[in-house]
1. Could you please find all residues in the stretch 71-83 being surrounded by fewer than 14 Cβ atoms within 10 Å (Cβ to Cβ) and either small (Gly, Ala, Ser) or under 17 Å from SER109 (Cβ atoms) (or both)?
2. Pairs only if they're at least six apart or on different chains, beta carbon under 7 angstrom, first in the stretch 8-19 and closer than 23 Å to THR116 by Cα and acidic (Asp, Glu), second modelled with pLDDT of 95 or more and surrounded by 13 or more Cβ atoms within 10 Å (Cβ to Cβ); list them, first residue then second.
3. Scan the stretch 82-104 and report the pairs whose first residue is among the charged types (D, E, K, R) and in a loop (DSSP other than H, G, I, E, B) and whose second residue is open to solvent by 50 Å² or more (accessible area, probe 1.4 Å) and modelled with pLDDT of 95 or more, with Cβ atoms within less than 8 Å and a gap of 6+ or a chain change.
4. Taking the criterion of being in contact with a Gly (Cβ under 7 Å, 6 or more places away or on another chain) and open to solvent by less than 50 Å² (accessible area, probe 1.4 Å), would at least one residue in the stretch 41-51 satisfy it?
5. Enumerate the pairs (first residue in the stretch 65-76 and assigned to a strand (DSSP E or B); second residue anywhere and open to solvent by 60 Å² or more (accessible area, probe 1.4 Å) and not β-branched (Val, Ile, Thr)) with beta-carbon separation below 9 Å, excluding pairs fewer than 6 apart on the same chain, so at least 6 apart or on different chains.
6. What number goes with the only condition from (1) under 22 Å from SER21 (Cβ atoms); (2) open to solvent by 30 Å² or more (accessible area, probe 1.4 Å); (3) in contact (Cβ under 8 Å) with a residue 60 or more places away in the chain; (4) assigned to a strand (DSSP E or B) that SER114 does not pass?
Amino acid sequence: AGRQAPGQRWVTVQFDGAVNSKLPWKFAPEQQSMRVQVGRQYQALYFARNGSDRAIVGNAVPSVAPARASGYFNKTECFCFTAQTLEAGESRDMPVRFIVDPALPAGISTITLSYTFFKNDTQTAALATARGQAGAARAAP
């Protein structure tokens, strides 16, 4: 009843990005939305900049809306898979590659991919200690 062949279906993917207040980074998608054909791989870019005077490690936590679309939005490559280190003042493009599964429920025509970056306090402290930066705890001999 009016079903399209899998390769004929198109959906809109919207992109959003935010940082936790403890992380002095700027982070945003480089495109607001993209029309994608289900079953095909696409790449979107996010831009990140460390506005502080020291290296900081961050982790991106993704979310997909509506929730029932999350099982059909497959990231094949993502900066969210590992912690990201940005040096003081460093800027970087961060790619995410994805495929929308053709089995996406018929009623869903728009998917929103959001990331929130959080400071990884443990890895940032370990990095500062390894580099001997001021304020890092040092073990007594």
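1. Passing the criteria: only GLY71.
2. Every condition considered, the pairs that remain are ASP16/PRO29; ASP16/THR112; ASP16/SER114.
3. Here the result reads GLU90/ARG49; ASP101/GLY71; ASP101/TYR72; ASP101/ASN74, each pair linking the stretch 82-104 to a residue that is open to solvent by 50 Å² or more (accessible area, probe 1.4 Å) and modelled with pLDDT of 95 or more.
4. yes
5. Once the first residue is assigned to a strand (DSSP E or B) and sits in the stretch 65-76, its partners that are open to solvent by 60 Å² or more (accessible area, probe 1.4 Å) and not β-branched (Val, Ile, Thr) give ALA65/GLN14; LYS75/PHE81; LYS75/ARG97; THR76/GLN41; THR76/ARG97.
6. (2)
The values are calculated or read from the model by the stated rules, or taken from the named source; none is laboratory data. Just so you know, these numbers come straight off a predicted model, no measurement behind them. Positions of Cβ are generated from backbone atoms using ideal geometry, with glycine treated the same way; all protein chains shown enter the neighbour counts. In case anyone asks, the SASA skips ligands and DNA or RNA and just uses the protein heavy atoms, side chains included. Shrake-Rupley method; radii C 1.70, N 1.55, O 1.52, S 1.80 Å.
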